[in-house]
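S.K.: My questions will all concern the structure given below.
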Amino acid sequence: MALIDLDITIERGRIPDSIDKFLHEANLRTEDYLNHSRVRPGSFVPSDFVVAYYALKAVIEKNLAPGRLFCEWGSGFGVVASLASQLGFDACGIEIEETLVDAARDLADAHYLDVEFAQGSYIPEGADEASGGDHDREGFVWDVEGNDAYDELQIGPDEFDVVFCYPWPSEEEATGRLFDYCASEGALLLTYTQLDDVRIRRKEGDPEDLY
Ligand SMILES: C[S@@+](CC[C@H](N)C(=O)[O-])C[C@H]1O[C@@H](n2cnc3c(N)ncnc32)[C@H](O)[C@@H]1O
């Protein structure tokens, strides 16, 4: 395995007022969207933003990341990318649904946050097969690769220091393989899990050995 689970304790504490205010607004907007928009089944489900906040805070406090470039894969409302920005990351998000990209930009703008959101797929060209192949896709629901989200950001997938993703349970391992395929050594993958937890993995070793 080239992705190593980091066994760290994620401590909780008091949430700063500014973050609390942001999360209040984010929750209101997210709920309103879920209640009033036509959400494609199996697409947007928000993670627990407070849990994500504490995980990002732990990454910073324990100095786990090689740098401060952050991307939220499948950013939805962009709340985790916006939290990352408030914690000092240079943050961006990639989201396939245009309405969600607009919603993420509106939320970040309303809080004067410098977060960039690109519309498209976080699966870079050629990576889908390399990260698992057809036999591993059974039961997966992830959207197809192929667009220029990384071009729009002008950042390659191998440049991010930290990636956050909330995959479906059946996509958890494939998401790891995808990250292993396209991230650089030392980068961290944070995945929100069904256990209401954030799993933190670091890419180590040479991906060429695996495929
Ligand atoms: C489970 S939701 C999580 C949203 C957000 N990250 C959060 O934590 O609240 C997954 C999101 O990924 C988006 N998505 C799915 N496949 C994608 C892809 N290949 N590229 C970009 N976005 C994708 C969906 O539209 C959805 O908004």
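S.K.: Nearest 5 is fine: what % of DSSP beta bridges in segment 18-206 come out antiparallel, could you say?
M.R.: 25 percent
S.K.: If you stretched the chain out fully between Arg68 and Asp196, how much longer would it get, using 0.36 nm times the residue separation minus the C-alpha to C-alpha distance?
M.R.: Taking 0.36 nm per residue and subtracting the Cα distance, the gain is 43.6 nm.
S.K.: What ranking of Asp109, Asp17 emerges when the number of other C-beta atoms within 10 Å of each C-beta is taken as an exposure proxy, fewest first?
M.R.: If I rank by nearby Cβ atoms, fewest first, I get Asp17, Asp109.
S.K.: Sticking with this structure for a sec: Kindly provide the helix-only [θ] at 222 nm of the chain, computed as the sum of -39,500 (n - 2.57) over DSSP H runs of four or more divided by all residues, to the nearest 500 deg cm²/dmol?
M.R.: Value at 222 nm, helices only: -10500 deg cm²/dmol.
S.K.: Still on this structure, please answer the following. Quick one: plug the Kirkwood hydrodynamic radius of segment 1-55 (C-alpha pairs) into Stokes-Einstein at 25 °C, 0.890 mPa s, and report D in µm²/s.
M.R.: 176 µm²/s
S.K.: When the scattering of segment 18-206 is computed by the Debye formula from its Cα atoms alone, each counted once and equally, what is log10 I(q)/I(0) at q = 0.10, 0.17, 0.19 Å⁻¹?
M.R.: Evaluating at q = 0.10, 0.17, 0.19 Å⁻¹ gives log10 I(q)/I(0) of -0.36, -1.12, -1.44.
S.K.: How large is ³J(HN,Hα) for each residue in segment 184-196, as worked out from phi by the Karplus curve 6.51 cos²θ - 1.76 cosθ + 1.60 (θ = phi - 60°), to whole Hz, x for Gly and Pro?
M.R.: 9, 4, x, 5, 10, 10, 10, 10, 7, 10, 5, 7, 6
S.K.: Right, another one. If the elastic network links every pair of Cα atoms under 10 Å, which of Glu97, Glu11, Glu152 fluctuates the most in the Gaussian network model of the chain?
M.R.: Glu11
S.K.: Continuing with the same structure: Please tell me the relative contact order of the chain in percent, rounded to the nearest whole number, where contacts are Cα pairs under 8 Å and at least six residues apart.
M.R.: Computed over the chain, the figure is 23 percent.
S.K.: What distance in nm separates the simple spin-label points at Ser43 and Trp168, each placed 7 Å from Cα in the Cβ direction?
M.R.: 1.4 nm
Bear in mind that the values in this text are calculations on the coordinates, not laboratory data. All of these numbers come straight from a predicted model, not from anything done at the bench. Because the Cβ atoms are built from the backbone with ideal geometry, glycine has one as well, and the counts that use them run over all protein chains shown.
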